[in-house]
Amino acid sequence: MKAVILAAGVGKRLWPVTQHRPKCLIEIGERSLLHRYLETLAWLGIKRADIVVGYKQEMIRQAVGRDVSGVAVNFLVNEEFHRGSISSLWIARAALDDDVIVMDADVLFHRDILRRLVESPHESVLLMDETVVQTGEECMVAVAGGRVIALSKRLPDRYDFAGEGVGFLRVRHADTPYLIDSLRSFVDQGAWNMEYEDALLPFFQTVPVGYERIGGLPWTEIDFPDDVRKAELDVLPKL
């Protein structure tokens with residue numbers, strides 16, 4: 001198993017911070033998000049990671065060069081990092097050569113959250129926080145018939161229940177061609193400004209993707225200045 005970490009974006013909504021560094025290098029408790037990712041992957045025995053870089057990529061390369069977690073890192077460059085995140089996952093398609101965990105690079109999380117994903121009995125699986133009710137910005141996991149049917153800010157008309165997606169997806173190697181085909185169906189239309197989550201709809205229609213609930217475990221996605229404060233005051237003390 002390996003990880004693919006999507007870290008190419010600018011983070012415009014957090015510009016007071018990201019004008020100086022990419023989001024994955026934001027330090028919470030004197031350790032960057034990226035260092036925490038690599039440390040947690042190593043703790044789980046995952047020793048390989050591909051990081052998709054773009055914006056301020058040299059800072060990320062330098063940070064990884066100083067990291068002592070023991071994870072072997074390969075860099076994939078998204079020159080079109082100003083586009084939607086579909087461009088980053090598309091760049092990484094050739095790296096989907098094993099069971100893989102696709103990870104957004106802007107989450108502060110308890111390591112048991114990632115362990116729950118790695119140890120899930122589902123062959124392909126998403127994490128969802130079932131305690132979250134959508135208020136507007138949340139990317140939601142919609143479940144129907146015991147499987148994921150959507151991962152989007154726009155919930156479908158019919159579903160059994162939903163929760164916020166954490167930003168981590170585990171895909172078994174045998175299912176990765178279907179993920180790539182799902183992305184390709186939008187790339188071929190030139191839909192470069194969309195988020196990769198919305199481009200996974202055909203994938204969910206084809207592959208039975210399970211889910212793991214993580215409600216009650218501390219985590220936060222960092223998109224806005226208020227999220228940094230939440231990370232420092234609410235999440236960090238519980239890690």
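Of 137, 130, all but one fail to be at pLDDT below 95 and either of a type in the set (Asp, Glu) or open to solvent by less than 10 Å² (accessible area, probe 1.4 Å) (or both); the exception is 137.
Each row is one residue, and each column tells you yes or no for (1) under 21 Å from residue 192 (Cα atoms); (2) over 18 Å from the mean Cα position of the chain (by Cα); (3) free of Cβ contacts under 8 Å to residues at least 60 places away in the same chain.
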residue: 49; (1), (2), (3): no, no, yes
residue: 55; (1), (2), (3): yes, no, yes
residue: 62; (1), (2), (3): no, yes, yes
residue: 79; (1), (2), (3): yes, yes, yes
residue: 86; (1), (2), (3): yes, no, no
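In the range 179-192 there is at least one residue that is in contact with a strand residue (DSSP E or B) (Cβ under 9 Å, 6 or more places away or on another chain) and crowded, with 17+ Cβ neighbours inside 10 Å.
In the range 21-60, the qualifying residues are those that are out of contact with any helix residue (DSSP H, G or I) (no Cβ under 9 Å at 6 or more places or on another chain) and over 20 Å from residue 89 (Cβ atoms), and the one that is surrounded by the most Cβ atoms within 10 Å (Cβ to Cβ) is 42.
Taking strands (runs of 3 or more DSSP E) as the structural unit, those lying wholly within the range 118-187 and holding at least 2 residues that are small (Gly, Ala, Ser) and touching a residue at least 12 places away in the same chain (Cβ under 8 Å) correspond to 140-144, 147-152, 161-171.
Residue pairs whose Cβ atoms lie under 8 Å apart, sitting 6 or more positions apart in sequence or on different chains, and linking a residue in the range 223-239 that is part of a helix (DSSP H, G or I) to a partner that is among the small types (Gly, Ala, Ser), are 232/29; 236/29. A single entry from 210, 163, 167 fulfils the requirement of being touching a His at 6+ places or on another chain (Cβ under 6 Å), under 23 Å from residue 119 (Cα atoms) and open to solvent by less than 30 Å² (accessible area, probe 1.4 Å): 210. Residues in the range 82-114 that are more than 15 Å from residue 3 (Cβ to Cβ) and open to solvent by less than 60 Å² (accessible area, probe 1.4 Å): 84, 85, 86, 87, 90, 108, 110, 112. The single condition among (1) under 29 Å from residue 18 (Cβ atoms); (2) buried (at least 17 other Cβ atoms within 10 Å of the Cβ); (3) aliphatic (A, V, I, L, M); (4) out of contact with any Leu (no Cβ under 6 Å at 6 or more places or on another chain) that residue 149 does not meet is (1).
The values are calculated or read from the model by the stated rules, or taken from the named source; none is laboratory data. None of the values given here were measured: they were computed from a predicted structure. Reconstructed Cβ throughout: ideal geometry from the backbone, glycine too, with neighbour counts over all protein chains shown. Quick note on the areas: whole protein, heavy atoms, side chains included, nothing else; ligands and nucleic acids left out. Shrake-Rupley method; radii C 1.70, N 1.55, O 1.52, S 1.80 Å.
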